[in-house]
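First up is the structure itself, then whatever we jot down about it.
Nothing in this text is a laboratory measurement; each read-out follows from the coordinates by a stated rule. Just so it is clear, the structure is predicted and the values come from calculations on it, not from any experiment. All Cβ positions, even for glycine, are placed from backbone atoms using ideal geometry, and neighbour counts span all protein chains on display.
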Amino acid sequence: MNIHLSSDTICAVATASGGAIGIIRVSGPQAITITDRIFVPATSRDGKQGKKLEERKAYTLAFGNIIGSEGQAVDEVLVSIFHAPHSYTGEHSVEISCHGSAYILQQVMQLLIQNGCRAAGPGEYTQRAFLNGKMDLSQAEAVADLIASNTAASHRMAMNQMRGSFSKELSALRDKLLHLTSLMELELDFSDHEDLEFADRAELVTIADKIEHVINRLISSFKQGNAIKNGVPVAIIGETNAGKSTLLNLLVGEERAIVSDIHGTTRDVIEDTVTIDGKLFRFIDTAGIRDTDDKIESIGIERTIKKTQQAEIVLLLLDATCADKQLHELAPRVVPLCKDKTLILVYNKCDLIATSSAVSVSSTLSDFSSQELLTSEMSSTIKRLSISAKTGAGIEELRKLLSQSFSLATESEDDVIVSNIRHIEALRAAHADIVRVLDGLRSSLPTDLVSQDLRSCLYHLGEITGGEIQTDEVLGNIFSHFCIGK
């Protein structure tokens, strides 16, 4: 996809198939002219023909018929008119609202193409909006996130970014960096005048330190942003036949994993997502942890360890009939993986133990917490719950516990949370630059070397909004993931 502004007029169906109404978007220099060639406005009650689209004002609706190549009416439609630059793309645009029949939409598209339009590529409307200055690149990417959002939190996060909250934060950072750069450049320009001082190093360090703090805060938000966008990763681990696959099936509401009495049935990770209290959780069923000579099962156990390390919440599933034994066997392998995570001890098969046995189960946590393996920090994030994955007992309590274990920091509409891999990579690069600036200022490094790191920091922040992106490859890759019509 070419990143340069195109003189082509493009068209695409902008609505999903199967609905009562379908919308076709047309954008480009000839959008109104081409649509006029296939549109006949309805006559008024006194028999007067309505105005052509080119004669109508912007932001008006025209009612009439789309006429086929042989003069037959294809459909009655409403046409919305937008004049450049006051449209989504910044170009002349029309939106044809017709009936949602696949045949009708296909016929209208063919007529537009026959009269001079070109079928739009994925994301080409948003790409044109970016190239025409209607939005920056981070806002354009938020459009795709908004379309893909499936929870209240992911919707709110995408809306905030699309409305420019992230862009404003970056703009404020850029202003501070430019101020810092200007002070440094002045020192370079007047380096021959030793008696002139534009800013002492302490002031420069203070400004750079504030910049580093903001960038670091944005980087720290990615953990939450990624969880909101892709789901909070929850690893279900335990010994073989503890009921991990049964629990996954119960949580997602379908048979996603094979359940069997045979040990070692699950040999690979199985993932699925569930929304709980408006939060998306990504549950990961893993291979049972045990000593085995089976090479395939060993690979599955290695993947269990990896997924546990990547998870935010770990459900350690224990067979309630032998919980003490399993816990002491698994603790040395599991606890080191759960530092800085929420660990929930889930005692499964509670339907198989007598009420009198509950004391033994409830006391296990205190025994477990007293082990040297657990630091005081780790102990504070351990929770316990008894369930029966077979009967469903305790599952609602588990859902509530999961929801409480991960709080969302998107209550305010002004929250800036990073969720895009491209953005976090640029921020990490910018952070490395500003750290070098701080080190250089504190160690009295020559001004020209410090200025080079400042310019690099500005460049990496500019990559996020698109100010420094000039290649077809980068933009093509970003917009190719959009849907047609957007």
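Which whole-Hz couplings ³J(HN,Hα) result when phi for each residue of region 228-236 is put into the Karplus expression 6.51 cos²θ - 1.76 cosθ + 1.60, θ = phi - 60°, listed in order with x for Gly and Pro?
Going residue by residue, I get 5, 6, 10, x, 5, x, 10, 8, 9 Hz, with x marking Gly and Pro.
Calculate one ³J(HN,Hα) per residue across region 22-38 by plugging θ = phi - 60° into the Karplus curve 6.51 cos²θ - 1.76 cosθ + 1.60, and present them in order as whole Hz with x for glycine and proline.
x, 10, 10, 9, 10, 9, x, x, 9, 4, 6, 4, 5, 5, 4, 6, 10
Separation between the residue 76 and residue 44 pseudo-spin-labels, each 7 Å from Cα along Cα→Cβ, expressed in nm?
Between residue 76 and residue 44, the simple spin-label model gives 1.9 nm.
Quick check: convex hull over the Cα atoms of region 73-213, volume per residue in Å³, rounded to an integer?
169
Provide the gained length on full extension for the span residue 403 to residue 415, in nm with one decimal, where the gain is 0.36 nm per separating residue minus the Cα-Cα distance.
That pair, residue 403 and residue 415, stretches by 2.3 nm at full extension.
Here are some pairs, 307/486; 279/349; 223/306; 223/325; 168/341; 52/486; which of them have Cα atoms lying more than 29 Å apart in this structure?
Working: 307/486 35 Å; 279/349 27 Å; 223/306 17 Å; 223/325 35 Å; 168/341 32 Å; 52/486 27 Å.
Too far apart for the 29 Å limit: 307/486; 223/325; 168/341.
Name the residues of region 422-454 whose amide N is less than 14 Å from a point 7 angstrom out from the Cα of residue 213 along the C-beta direction?
Inside the label zone: nothing.
Mind checking the full-extension length gain between residue 147 and residue 230? Use 0.36 nm per residue of separation minus the Cα-Cα distance, one decimal, nm.
Separation in residues times 0.36 nm, less the Cα-Cα distance, equals 28.5 nm.
Report the Cα-based extents of region 1-155 along its three principal axes, largest first, to the nearest Å.
Computed over the Cα atoms, the extents are 51, 32, 27 Å.
Output the relative contact order of region 26-106, whole-number percent, from Cα pairs under 8 angstrom with separation of 6+ residues.
Relative contact order, region 26-106: 29 percent.
What FRET efficiency comes out for the pair residue 33/residue 442, r = Cβ-Cβ distance, R0 = 51 Å, nearest 0.05? Intermediate values should be presented prior to the final figure.
Working: r = 63 Å, r/R0 = 1.23.
Rounded to the nearest 0.05, the efficiency is 0.20.
Roughly what would the spin-label model give for residue 101 and residue 383, points 7 Å off Cα along C-beta, in nm?
Here the answer is 5.5 nm between the modelled labels.
Across region 147-159, in residue order, what do the Karplus-derived ³J(HN,Hα) couplings come to in whole Hz, using 6.51 cos²θ - 1.76 cosθ + 1.60 with θ = phi - 60° and x for Gly and Pro?
Values, residue by residue: 5, 8, 5, 10, 9, 4, 5, 5, 5, 5, 5, 5, 5 Hz.
Using 0.36 nm per residue, how much length does the chain from residue 452 to residue 223 gain when fully extended, once their Cα-Cα distance is taken away? Each step should come with its number before you reach the end.
Values: separation 229, 0.36 × 229 = 82.44 nm, distance 3.02 nm.
Taking 0.36 nm per residue and subtracting the Cα distance, the gain is 79.4 nm.
Using a 7 Å offset from the Cα along the Cα-to-Cβ direction at both residue 306 and residue 395, what is the distance between the two label points in nm, to one decimal?
Distance between the two pseudo-spin positions: 3.0 nm.
What FRET efficiency do you get for residue 8 and residue 483 if R0 is 22 Å and r is their Cβ-Cβ distance, rounded to the nearest 0.05?
Calculated transfer efficiency: 0.70.
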